[in-house]
Amino acid sequence: MSTQINRLKEQISPLRDALVHHPINSFIQSTAELEVFMKHHVFAVWDFMSLVKKLQQEFTSVDVPWNPKGPAEVRYLINEIVLGEESDVDQNGVYISHFELYLRAMEELSFMPSPFLHELRSFANLDELLLAIPKANIPESVKAFLTFTFSSIQNRGIEEIAAIFTFGREDIIPEMFQVIVDQLKRDSPDKVETLVYYLERHIEVDGGHHSELAYKMMEHLCGNDESKWQKATQAAVKSLQVRLKLWDGIVDNR
């Protein structure tokens, strides 16, 4: 791991620690609290794929006629991540995206996501979506989280978007979820099979292979350009701050 990656991780470590030790880790004590968690968090599962797709648009070619775009190693890195997130397998070996897997877990628990999730997914462009988010009947913490994600996709540089993906989403997920997984297995193993599988897949994939791929992507994007590393760090900090706000919103709904 490069010196710049280690330095960035050191700068965001207080926020990472705050997330790892957040009250969310002991919040889920009943089915009612699990429902609150999932109804908030499903929005983060959904908008994460837009971050992934923005990176794919930037680093790979989907145009016809096709021509190679960017360094081959970076194309490999992002396509590997897209494959894992968009076309993983469920516990029966059937191909499925992580978002669809999460919705299935909610359905098994009879947790209906907010109808505004479907409405927000229906918008055809970012301008319309960003205008609709403040008007949606969803928690303010969710609005802030979604607004940050989609305004970043629309307005930030690619190294900043990659930093949000790497340090605000992929890199932090395993540590945040480990305590939750342990608790769910202990308290109600028969009722949360798909959810536990989803969380374990994130821990398995995001905690190892995908994180390493994402670090390499950051090193390629920023190189030795200190201004890019500074922007990437600021974006990573902001992404962790809105994640904390999202977690606060969940706990405050008890």
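Bear in mind these aren't lab numbers, they're just calculated from the coordinates by the rules spelled out. What you are looking at is a predicted structure, and each value in this text was computed from that prediction instead of being measured.
Listing for the model above:
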{"item": "Among Ala72, Ala162, Ala235: highest mean-square fluctuation, GNM of the chain, C-alpha pairs under 10 Å", "result": "Ala72"}
{"item": "Interchain or long-range residues, amide H under 5 Å from Val89's placed H", "result": "Ile96"}
{"item": "Long pairs among Lys9/Lys245; Lys135/Lys245; Lys69/Lys143, criterion Cα-Cα beyond 23 Å", "result": "Lys69/Lys143"}
{"item": "Computed over region 37-176, Kirkwood Rh from alpha-carbon pairs, angstrom", "result": "16.4 Å"}
{"item": "Cα long-axis angle, helix 72-86 against the chain (0 to 90 degrees, to the nearest 10)", "result": "10 degrees"}
{"item": "Gaussian network model of the chain, springs between alpha carbon atoms under 10 Å - residue of Phe99, Phe27, Phe123 with greatest fluctuation", "result": "Phe123"}
{"item": "Alpha-carbon centroid distance for the pair region 28-84 / region 106-166, whole angstrom", "result": "13 Å"}
{"item": "Compactness of region 1-117, expressed as Rg and Dmax over alpha-carbon positions, Å", "result": "18.3, 54"}
{"item": "Lysines whose Cα lies under 26 Å from that of Lys185, excluding same-chain neighbours fewer than 8 positions away", "result": "Lys39"}
{"item": "Spread of Cα-to-Cα distances over 10 Å intervals beginning at zero, given as percent, for the chain", "result": "7, 30, 38, 21, 4, 0"}
